[in-house]
Amino acid sequence: MTIDLGLPEAPAVLAPRRRTRQLDVGGVAVGSDHPVSVQSMTTTLTSDVNATLQQIAELTAAGCDIVRVAVPSADDAEALPAIAKKSNIPVIADIHFQPKYVFAAIDAGCAAVRVNPGNIKKFDDKVGEIARAAKDAGTPIRIGVNAGSLEPGIMAKYGKATPEALVESALWEASLFAEHDFHDIKISVKHHDPVTMVRAYELLAEQCDYPLHLGVTEAGPTFQGTIKSATAFGALLSRGIGDTIRVSLSAPPIEEVRVGLSILESMNLRPRKLEIVSCPSCGRAQVDVYKLADEVTAGLEGMEVPLRVAVMGCVVNGPGEARDADLGVASGNGKGQIFVKGEVIKTVPEAQIVETLIEEALRLAEEAGSEEELAGGTAGGTPTVTVG
């Protein structure tokens, strides 16, 4: 028995993934054969083990796949073994300035190490030693190039952090590791400007087969950073470029994870969960659509079952959108028609719309859960809630 939630099969992604080498980052497979991973970074002092592990637990609960911790001091390096051991998701050590902390992170059992060659003292002289230590431990290295910390020679050649400068820096450092037969590398070439960042990744994707970590660095506060990241990631992911992502926001890291997951879901690179479809501001609306959408969203917060809910405020687009969703309402004249799987099941007063939608959503979720138990897997379909 299957439950028909009224939706066609989800469309394919816009482009196949770019073929890359494959990495194992602490048990999370990274590369074109595997799902795009969502990363974030703790904001605690890494030396405060309990606070850092608490934040990692919160990020894990939000859906984060891989977490990065800063290691600017000896106290932070000393905390790494406990954090790496107790974290439920892979921990990447973020190293700047001091190459000795790279070795400390590898010895601590971190899942990977991120290095920015442009700001690590005499990094090129240490590449062979780092490559041997990382290879012996099975620890991948992320070469993370940023616009603000390019090597002096690269800056002298290009004058500023152009896409070509970012790519040349990253590939030069990767070639030094390759000379020592070390290839477990992931690369990022971040920039605060989405256009520059996108072009840099395009060039990089053409010139190597390493997995790529996407990021718009210093993207800004939540709204601005979300727009920049969604624009840049969408441009690249739509062409199959990108294997891990981090949305860099001036906001709590849990918000980075939420935005990152939403971007992947919108690109069909992650299974969609709850989706609210609602109409924009419009003079045709005969109910308070803003209020309805907010209240339905709040009432269904945390729902894991894929469900599309449509909240529509007039008779022009409302019935069609509501029929296409798993659950929906077409509102007008102080009442709402409730649709389930394309069929009108009842008409309720405006004051009962939210309550009715939440009741029906929970019932659909329960049915889907029962079906999943019977099938021993994931229930079919992608339920959706649309508000309009």
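The values are calculated or read from the model by the stated rules, or taken from the named source; none is laboratory data. Note that the coordinates shown come from a computational prediction; the quantities given were computed from them, not determined experimentally. Here Cβ is always computed from backbone atoms with ideal geometry, including for glycine, and neighbour counts include all displayed protein chains. The protein model used for the area step is the full one, side chains on, heavy atoms only, and it has no ligands, DNA or RNA in it. Shrake-Rupley method; radii C 1.70, N 1.55, O 1.52, S 1.80 Å.
Within the range 46-78, track down each residue that is of a type in the set (Asp, Glu) and in contact with a Leu (Cβ under 9 Å, 6 or more places away or on another chain).
Asp75, Asp76, listed by residue number.
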Search the range 120-163 for residues being assigned to a helix (DSSP H, G or I) and among the β-branched types (Val, Ile, Thr), and hand back the single one that is surrounded by the most Cβ atoms within 10 Å (Cβ to Cβ).
Ile130
At pLDDT below 95 and among the polar types (S, T, N, Q): is that true of Thr222 in this structure?
yes
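Matching residues to (1) more than 13 Å from the chain's Cα centre (by Cα); (2) modelled with pLDDT of 90 or more:
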position: Val216; (1), (2): no, yes
position: Ala251; (1), (2): yes, yes
position: Cys279; (1), (2): yes, no
position: Val289; (1), (2): yes, no
position: Pro306; (1), (2): yes, no
position: Val316; (1), (2): yes, no
Among Ser266, Ser250, which is the only one that is open to solvent by 30 Å² or more (accessible area, probe 1.4 Å) and touching a Ser or Thr at 6+ places or on another chain (Cβ under 8 Å)?
Ser250
Of the conditions (1) open to solvent by less than 80 Å² (accessible area, probe 1.4 Å); (2) farther than 22 Å from Ser266 by Cβ; (3) at pLDDT 95 or above, Val36 satisfies every one except a single condition; which number is it?
(2)
For the range 235-260, enumerate the residues that are of a type outside the set (Val, Ile, Thr) and either touching a Leu at 6+ places or on another chain (Cβ under 9 Å) or closer than 21 Å to Ala325 by Cα (or both).
Leu236, Leu237, Ser238, Arg239, Gly240, Gly242, Asp243, Arg246, Pro253, Glu255, Glu256
Six or more apart or on different chains, Cβ atoms under 6 Å: show the pairs whose first residue is in the range 247-260 and closer than 16 Å to Ala232 by Cα and whose second is assigned to a loop (DSSP other than H, G, I, E, B) and polar (S, T, N, Q).
Ser248/Thr217
Those residues of the range 149-170 which are in contact (Cβ under 8 Å) with a residue 24 or more places away in the chain and over 17 Å from Val113 (Cβ atoms) amount to Leu150, Glu151, Ile154, Ala161, Thr162, Pro163, Glu164, Leu166, Val167, Ser169
Of all residues in the range 193-211, how many are surrounded by fewer than 23 Cβ atoms within 10 Å (Cβ to Cβ) and not in a helix (DSSP H, G or I)?
3
When every residue in the range 212-230 that is in a loop (DSSP other than H, G, I, E, B) and open to solvent by less than 20 Å² (accessible area, probe 1.4 Å) is compared, the one nearest to Arg19 (Cα to Cα) is Gly215
Please work out which residue is surrounded by the most Cβ atoms within 10 Å (Cβ to Cβ), limiting yourself to the range 169-192 and to residues that are within 20 Å of Lys157 (Cβ to Cβ) and hydrophobic (A, V, I, L, M, F, W, C).
Val189
Can you tell me which residues in the range 103-146 are farther than 16 Å from Leu23 by Cα, touching a residue at least 40 places away in the same chain (Cβ under 8 Å) and of a type in the set (Lys, Arg)?
Arg132
What pairs can you find where one residue is in the range 345-356 and open to solvent by less than 80 Å² (accessible area, probe 1.4 Å), the other is in a helix (DSSP H, G or I), and their Cβ atoms are less than 7 Å apart, with a gap of 6+ or different chains?
Val348/Thr356; Ile353/Leu292; Val354/Leu292; Val354/Glu295; Val354/Val296; Val354/Gly299
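Of the residues Phe233, Phe182, which single one is modelled with pLDDT of 95 or more, part of a loop (DSSP other than H, G, I, E, B) and either over 27 Å from Asp24 (Cβ atoms) or aromatic (Phe, Trp, Tyr) (or both)?
Only one candidate passes the filter, namely Phe182.
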